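**Student:** Please read through the structure below; I'll follow up with questions.
Readers should treat all values here as calculations from the given coordinates under stated rules, not as data from a laboratory. Everything numeric here is computed off the predicted structure, so don't read it as measured data. Note that we place each Cβ from the backbone using ideal geometry, even for glycine, and neighbour counts take in every protein chain shown.
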Amino acid sequence: MRVLLVEDDNLIGTMVRLNLEQDGYSVDWQRSGEAALQTLRGGRFDCMLLDIGLPGMSGIDVAKQARKLGVGTPILMLTARDETDSKVQALDYGADDYLCKPFEMKELLARVRAHIRRSQGSLEVPTDQELKIGLATVNMERRALTTVDG
Ligand code: CA
């Protein structure tokens, strides 16, 4: 699992990266919005942790740009600003969730897991169900494919 961390604060960035790595994630840490967008263009990530208060481009602008580029990665905003306005803006411009600083590392890790699970869950089908794809039906339990003409 790859996580893109965008955070200009050294202490918070170090803590978050350390905890994510301990949980088995590979972490790409960028300190500015511009660098984050560059990184997003070059690779696929399972989750993005995005600080709102960045030097230059704000985290909200990064989320907006990322969605414009068609990036579907779950975005979890990290914000020091406990203001309703910036949270609403972040969510409106493409963030999936936010966490206010100071946050508990346990909560951050749980949210990362939840977002990755949800974003990948759409590909999973319960094994006792049949999946219809166009004119074909797939029985997941029997691993059988039936077309409309048999
Ligand atoms: Ca910051």
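**Student:** What is the magnitude of the charge dipole of the stretch 13-70 about its Cα centre, with +1 placed on the Cβ of each Lys and Arg, -1 on the Cβ of each Asp and Glu, and no other charges, expressed in debye to the nearest 20? Could the numbers behind the result be given before it?
**Tutor:** Values: 7 positive and 7 negative charges, 57 e Å.
Here the stretch 13-70 has a charge dipole of around 280 debye.
**Student:** What shape does the stretch 1-70 have by the C-alpha gyration tensor, where a ≥ b ≥ c are the square roots of the eigenvalues, rounded means a/c under 1.5, and otherwise prolate means a/b greater than b/c and oblate the rest? Mind dumping the intermediate values first?
**Tutor:** Values: a/c = 2.32, a/b = 1.27, b/c = 1.83.
Oblate shape, in that a/c is at least 1.5 and b/c is the bigger or equal ratio.
**Student:** Hey, got the dipole for the chain? About the Cα centre, +1 on K and R Cβ, -1 on D and E Cβ, debye to the nearest 20?
**Tutor:** Numbers: 19 positive and 23 negative charges, 73 e Å.
In total the dipole reaches around 360 debye.
**Student:** With the Cα gyration tensor of the stretch 11-52 giving a ≥ b ≥ c as the square roots of its eigenvalues, does the rule (a/c under 1.5 for rounded; else a/b larger than b/c for prolate; else oblate) give rounded, prolate or oblate?
**Tutor:** oblate
**Student:** For residue 68, give me every one of the aspartates and glutamates with a C-alpha distance below 19 angstrom, ignoring sequence neighbours fewer than eight places off in its own chain.
**Tutor:** 34, 46, 51, 92, 96, 97
**Student:** Just to verify a number: FRET efficiency for residue 129 and residue 1, C-beta to C-beta distance, R0 = 30 Å, to 0.05? Don't skip to the end; give the middle numbers.
**Tutor:** On the way: r = 27 Å, r/R0 = 0.89.
So the FRET efficiency works out to roughly 0.65.
**Student:** Residue 41: net charge of surrounding residues, Cβ under 14 Å, Lys/Arg +1, Asp/Glu -1, itself excluded?
**Tutor:** Around residue 41, the surrounding residues sum to +1.
**Student:** If I stretch the segment between residue 109 and residue 69 completely, what's the gain in nm (0.36 nm per residue apart, minus their alpha carbon distance), one decimal? Walk me through the numbers before you get to the answer.
**Tutor:** Values: separation 40, 0.36 × 40 = 14.40 nm, distance 2.64 nm.
Full extension from residue 109 to residue 69 adds 11.8 nm.
**Student:** A follow-up question, please. Based on alpha-carbon positions alone, could you give the equivalent ellipsoid semi-axes of the stretch 49-90 from the gyration tensor, as √(5λ), descending, whole Å?
**Tutor:** 17, 11, 9
**Student:** Next question, about the same structure. Quick check: from the Cα gyration tensor, does the chain come out rounded (a/c under 1.5), prolate or oblate?
**Tutor:** On the way: a/c = 2.48, a/b = 2.09, b/c = 1.18.
Cα axes put the chain in the prolate bin.
**Student:** So if each residue of separation counts as 0.36 nm, and I subtract the Cα-Cα distance between residue 84 and residue 101, what length gain in nm does that give?
**Tutor:** Separation in residues times 0.36 nm, less the Cα-Cα distance, equals 4.7 nm.
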